[in-house]
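S.K.: Input: one structure, supplied below.
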Amino acid sequence: MQISGRAPGYCGRMATPAPSPDLLLVLLEVSRSGKFTTAGEGLGLNHTTVARKIAALEKSLGGRVLVRSAGGWELTPLGEQAVGVAEQVAAAVSRLGEGAEDPVAGVVRMTATDGFSAYIASPAVAGLRAEHPGLTVELVTVTRRAMQQRSGVDIEVVVGEPQVHRAQAVRLGDYTLGMYASRDYLARHGTPGTPEEMARHGLVYFVDSMLQVDDLDAPRRLAPEMRDGLTSTNVFVHVEATRAGAGVGFLPCFMADRHEDLVRLLPDYFREQLPYWMVLRADSLRQPSVAAVADALKRQSELSRSMLLGTGEERGEDS
């Protein structure tokens, strides 16, 4: 088990002692959480002890294995190499049970948009946990670009093709968005018959100043004269605010079409199709539990393809 890295003052006469497996396993836990405190909780150590062990590992390897980032601790190239060895150590330890333990176990941390989390990730994880009850998935709902530094996150699901390095990006499929209003709202305010008539109505959508995904700018591009009615960072708020009559909502069809009180407006004009992409850390993908969750998300996305595209054929449009 060899890792490149030389102690200060190395002059070619002595090989650097191999780092302790205990230290490598501490680094592995930190790499998964991005935080000393969280890693310490999983290992039964306090954060000071974790920090001391990381310092000892860096002294043994002769270089930094972690650097601070906005989201926590991020692996350096030397740290990534060390984590690769640590995973071999962890796998060897797990094999002592001769396969008695399910390898798809432990905590997988992921982020995804609100709608994807509810209608794709949730059933995918539920089905996977039925087979692997030792698996825990921590799902944080956010709508943002893929992070360049992803300490503590094993899987990200984002809207739009990500520009990432040292990570694998997989296209999961497309979904469609359209303009919707409630039947009560249209009875009170009239049904717009042209894109220009949309200017009379308030838009229910994301907070423009907080929107981090350029691909989600469609309503302000297609109907620039619409004023904001109610804006929120949560797409479930968009749906419920539209149902309550706060204005006209630009909504994912797979969410809006679940509600009979919502009517899709001018679908030939207000139609935006966007892709979901999954981003995985290279070191995370080597974990059986992360690979299993990623495969489950891919399968569920494929099974839900027609739902995500939401053509409106089941309910009729402009009715």
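S.K.: Hey, can you tell me all the residues within the stretch 50-70 that are surrounded by fewer than 21 Cβ atoms within 10 Å (Cβ to Cβ) and under 27 Å from residue 110 (Cα atoms)?
M.R.: So in the stretch 50-70, the residues surrounded by fewer than 21 Cβ atoms within 10 Å (Cβ to Cβ) come out as 51-52, 55-56, 59-60, 62-64, 67-70.
Those that are surrounded by fewer than 21 Cβ atoms within 10 Å (Cβ to Cβ) and under 27 Å from residue 110 (Cα atoms): 51, 64, 67, 68, 69, 70.
Results for (1) closer than 21 Å to residue 176 by Cβ; (2) of a type outside the set (Gly, Ala, Ser); (3) assigned to a strand (DSSP E or B), shown as yes or no for each residue.
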site: 193; (1), (2), (3): no, no, no
site: 215; (1), (2), (3): yes, yes, no
site: 236; (1), (2), (3): yes, yes, no
site: 249; (1), (2), (3): yes, no, yes
site: 255; (1), (2), (3): yes, yes, no
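S.K.: I'd like to know if the stretch 150-159 contains one or more residues that are loosely packed, with under 13 Cβ neighbours inside 10 Å and outside the structural domain of residue 29 (by TED's automatic domain parsing).
M.R.: The initial filter retains those residues of the stretch 150-159 that are loosely packed, with under 13 Cβ neighbours inside 10 Å, namely none.
No, the stretch 150-159 contains no residue that is loosely packed, with under 13 Cβ neighbours inside 10 Å and outside the structural domain of residue 29 (by TED's automatic domain parsing).
S.K.: Looking only at the stretch 47-76, count how many residues are modelled with pLDDT of 85 or more and in a loop (DSSP other than H, G, I, E, B).
M.R.: Here the count works out to 5.
S.K.: Quick check: is even one residue across the stretch 266-283 of a type in the set (Asp, Glu), under 22 Å from the mean Cα position of the chain (by Cα) and closer than 24 Å to residue 200 by Cα?
M.R.: yes
S.K.: Would the stretch 113-124 turn up any residue that is part of a loop (DSSP other than H, G, I, E, B), modelled with pLDDT of 85 or more and either touching a strand residue (DSSP E or B) at 6+ places or on another chain (Cβ under 6 Å) or more than 20 Å from residue 285 (Cβ to Cβ) (or both)? Talk me through it step by step, then tell me what you get.
M.R.: Taking the stretch 113-124 first, the residues part of a loop (DSSP other than H, G, I, E, B) are 113.
This time we only want the ones that are modelled with pLDDT of 85 or more, so: 113.
Those still in the list that are either touching a strand residue (DSSP E or B) at 6+ places or on another chain (Cβ under 6 Å) or more than 20 Å from residue 285 (Cβ to Cβ) (or both) too: 113.
Scanning the stretch 113-124, I find at least one residue that is part of a loop (DSSP other than H, G, I, E, B), modelled with pLDDT of 85 or more and either touching a strand residue (DSSP E or B) at 6+ places or on another chain (Cβ under 6 Å) or more than 20 Å from residue 285 (Cβ to Cβ) (or both), so the answer is yes.
S.K.: Hey, among 129, 200, 150, which residue is at pLDDT below 90 and farther than 23 Å from residue 308 by Cα?
M.R.: Values: 129 fails: at pLDDT below 90; 200 fails: at pLDDT below 90.
The match here is 150.
S.K.: Further question on the same structure: Might you let me know whether the stretch 227-234 holds any residue that is buried (at least 22 other Cβ atoms within 10 Å of the Cβ) and at pLDDT 90 or above?
M.R.: So in the stretch 227-234, the residues buried (at least 22 other Cβ atoms within 10 Å of the Cβ) come out as none.
No - not one qualifying residue is present in the stretch 227-234.
S.K.: Please list, ordered by first then second residue, the pairs with beta carbon atoms under 8 Å, 6 or more apart or interchain, first in the stretch 256-271 and in the same structural domain as residue 237 (by TED's automatic domain parsing) and at positive phi, second at pLDDT 95 or above and in a strand (DSSP E or B).
M.R.: 266/179
The values are calculated or read from the model by the stated rules, or taken from the named source; none is laboratory data. Quick caveat, the model's predicted, so the values are computed rather than measured. Using ideal geometry, Cβ is built from the backbone for each residue, glycine included, and neighbour counts are taken over all protein chains shown.
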